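Below is one structure, written out as structure tokens; the observations come after it.
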Amino acid sequence: MHNGIGYKVKTVKDIVIVGSAYPLRGGGITTYNELLATKLQEAGHKVRIVTFSLQYPAILFPGKTQYSEEKRPEHLTIEVAINSINPFNWWRVGDKIRKESPDLVVMRYWIPFMAPCLGVIARRIRKNKHTKVVAIADNVIPHETHFFDKPLTQFFVNSCDGFVTMSKSVLNDLKTFTTLKPVVYNPHPMYENFGESISQKSAREKLGLNETGKYLLFFGFIRKYKGLDVLLKALTDTRIQAAGIKLIIAGEYYDKPNEYQVFIKEHNLEHALVQRNDFIPDSEVSTYFCAADMVVQTYKTATQSGVTQIAYYYHKPMLVTDVGGLAELVPHDVVGYVTTVDHKAIADAIIEFYENDRAPFFVHNVQTERQRFTWDSMIDKIFEVGGLED
């Protein structure tokens, strides 16, 4: 059967996605899982998501709430079932899926904390000798490491049939855990579910910004590895201050905000910042991206980034640091800049962007580059490592 979206399968497949989804609130993994389910469903497959009743114990969750205030995605079948800290639950969930005998289970792996839960579920499922378990590995070695990361990850890796990574650095990490199972790379697809673009003028009106101002965007959860401190240091550059360039910080702190606020006050940066430090709901994401001139990710470590894929969707130039897989996604001097993790190098690129009016050139190139990041390609790779392709 050819479904017309870039790949072929002989028959409609029964697919279960195991991972974050509604009623857990949006964020990279939740949004991705729901969009993957949508794309598979549009291709004619039978798809459902099995998500968490408890994803993180409160003591391990740094944000304000784990739950969404958005409307339920009515077009998707979502079962709330998994308790990440209850081994008896893992057996029950795994055995239930095993008996249902889907053709494919797609699991998301992003931190070793989830390895026991997901690993046990995968092992129970595979006992039916029919279902293939494919993991999409966001990270293998986490940004903040612990002594138990490697054995937990090894336990999970041993539980699966194959893997898709979204950066070459994760691909290389994963190959240190397995040499026998299929492992393929496919870049993170674009996010297409945050609504259509609006004009920059309209977006800035919604946010109460100056229509003719110069605005950069730092978007997403604020954690140490994302390097907001480096970007704030770049903003102290006298050239940036003289040019009147401002930074929109849109996202909830998953870190200690006082450390950032002290720096902001010490360097009198309040006037240069637009701080919206709450979780940004899906319905408002397009407004922030459309308001900005350029999206900036000054990460200290990284694998891949969903923020980059939102920027591509809204045709935005980007500045990223040369860590992890970010440079794979943002060709330097084509759709933006790849700099070192150095505040002066970052400041130099920002100044060059505005002084030489680089936005039209970068936006034009985004039109071509964004064609690399399709869901068709990702689904091809999932089916390939699951042994479900023609």
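Every number in this text was worked out from the coordinates using simple rules, so none of it is lab data. This structure is a prediction, so every number in the text was calculated from the model and none was measured. All Cβ positions, glycine included, derive from the backbone under ideal geometry; neighbour counts span all protein chains shown.
Centroid-to-centroid, using Cα positions, segment 135-188 and segment 259-314 are 28 Å apart. Near VAL50, once Lys and Arg are set to +1 and Asp and Glu to -1 for all other residues with Cβ below 9 Å from its Cβ, the sum equals +1. About its Cα centre, the dipole of segment 200-372 is roughly 160 debye, where the only charges are +1 on Lys and Arg Cβ and -1 on Asp and Glu Cβ. Applying a DSSP loop filter and a limit of 14 other Cβ atoms within 10 Å to the trypsin sites (Lys or Arg not before Pro) in segment 164-213 leaves LYS175. Partner lysines whose Cα lies under 21 Å from the Cα of LYS71, excluding those fewer than 8 positions away in the same chain, are identified as LYS39. With the simple spin-label model, which puts each label point 7 Å out from Cα in the Cβ direction, the ASN193 to TRP91 separation comes to 3.4 nm.
Taking the longest Cα principal axis of the chain as reference, the axis of helix 375-385 is set at about 40 degrees.
Which label marks the calculated value of Cα extents along the principal axes in Å, given the options (1) 81, 50, 47; (2) 61, 52, 36; (3) 66, 45, 41? Of the listed options (1) 81, 50, 47; (2) 61, 52, 36; (3) 66, 45, 41, (3) comes from this structure. For an R0 of 35 angstrom, estimate the FRET efficiency from the Cβ-Cβ distance between GLU259 and LYS129 and round to the nearest 0.05. Efficiency at R0 = 35 Å is approximately 0.10.
Quick one: of LYS13/LYS381; LYS13/LYS181; LYS233/LYS316; LYS300/LYS381; LYS224/LYS246, which pairs are farther than 26 Å apart, Cα to Cα?
Numbers: LYS13/LYS381 15 Å; LYS13/LYS181 22 Å; LYS233/LYS316 23 Å; LYS300/LYS381 29 Å; LYS224/LYS246 21 Å.
Table pairs above 26 Å Cα-Cα are LYS300/LYS381.
Only Lys, Arg, Asp and Glu carry charge here, each on its Cβ (+1 for the first two, -1 for the last two); on that basis the chain has a dipole of about 1360 debye about its Cα centre. In the chain, the DSSP beta bridges split such that about 5 percent are antiparallel, to the nearest 5.
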